[in-house]
Amino acid sequence: MPNAVTFPSPRLLASHLERLLAYHGWAYNRLLANLEALDEDNYRAPCGLFFGSLHGTLNHLAVADRIWLARVRHEPPPFTRLDAEAVSERNALAGFLADGVHAWRLLLSEQDDQRLGMPLAYQNMRGEPQLKPLADIVLHLVNHGTHHRGQISAALTALGQPAPILDYIYFLPETV
């Protein structure tokens, strides 16, 4: 079993991860606001993304966020496929994403750096046992969201729509 990571302050890492999760929600909100201008056909049309459409990619993000949340809570997986549709209606999907970010932030508020550095046992989608610190899982979650939000931004640009600025540095002046 890997050794736990230790930190000098009991909440230094937790505070940083809380900020990253706040960014995660901020970036979703900005992206969803830009998607409002799209008609339903363009929103749901295949556009060359790994999960097909803008809707499919947003659903993948919603599904992945909840799968990871279930893993760290030691709950059964809420979805068995990464391309599942969590929510079919656009506005409800926005709420589902926001609720997921809120649940992650609540979970993180209960952690200290020692617990964040402890290895967490879970199974991947193939049922293989894994062991990773919760801190790395949260970092993965936010990075995964950034990756797919970037794809959606590129698809918006290809559709002739403006893409939002989602850089972390622009989030900071609004929140600090």
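Worth a mention:
- Matching residues, the stretch 152-166, being free of Cβ contacts under 8 Å to residues at least 12 places away in the same chain and surrounded by 12 or more Cβ atoms within 10 Å (Cβ to Cβ): Ala154
- Count - residues of the stretch 34-91 that are in contact (Cβ under 8 Å) with a residue 60 or more places away in the chain and at positive phi: 1
- Qualifying residue in the stretch 76-90 (condition: in a helix (DSSP H, G or I) and under 15 Å from the mean Cα position of the chain (by Cα)): no
- Residue within the stretch 98-112 that is hydroxyl-bearing (Ser, Thr, Tyr) and in contact with an Asp or Glu (Cβ under 8 Å, 6 or more places away or on another chain) present: yes
To keep it simple, each residue is scored yes or no on (1) in contact with a His (Cβ under 6 Å, 6 or more places away or on another chain); (2) of a type in the set (Asp, Glu).
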position	(1), (2)
Val101	yes, no
Leu106	no, no
Gly117	no, no
Gln123	no, no
Glu128	no, yes
Pro133	no, no
Leu139	no, no
Ala155	no, no
Leu172	no, no
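- Hits in the stretch 43-75 - residues which are closer than 14 Å to Ala155 by Cβ, in a helix (DSSP H, G or I) and out of contact with any Ser or Thr (no Cβ under 9 Å at 6 or more places or on another chain): Leu54, Gly56, Thr57, Leu58, His60, Leu61
- The set of residues from the stretch 96-117 being touching a residue at least 60 places away in the same chain (Cβ under 8 Å), of a type in the set (D, E, K, R) and surrounded by 15 or more Cβ atoms within 10 Å (Cβ to Cβ) comprises Arg105, Asp113.
- Residue, nearest to Pro46 (Cα to Cα), within the stretch 126-142, restricted to residues that are exposed (fewer than 12 other Cβ atoms within 10 Å of the Cβ) and not small (Gly, Ala, Ser): Arg126
- Residue check for Arg90: under 20 Å from Trp26 (Cβ atoms) and among the charged types (D, E, K, R): yes
Read-outs throughout are calculated quantities, based only on the coordinates presented, and are distinct from any laboratory measurement. Here the structure is a predicted model, which means the values were calculated and not measured. Positions of Cβ are generated from backbone atoms using ideal geometry, with glycine treated the same way; all protein chains shown enter the neighbour counts.
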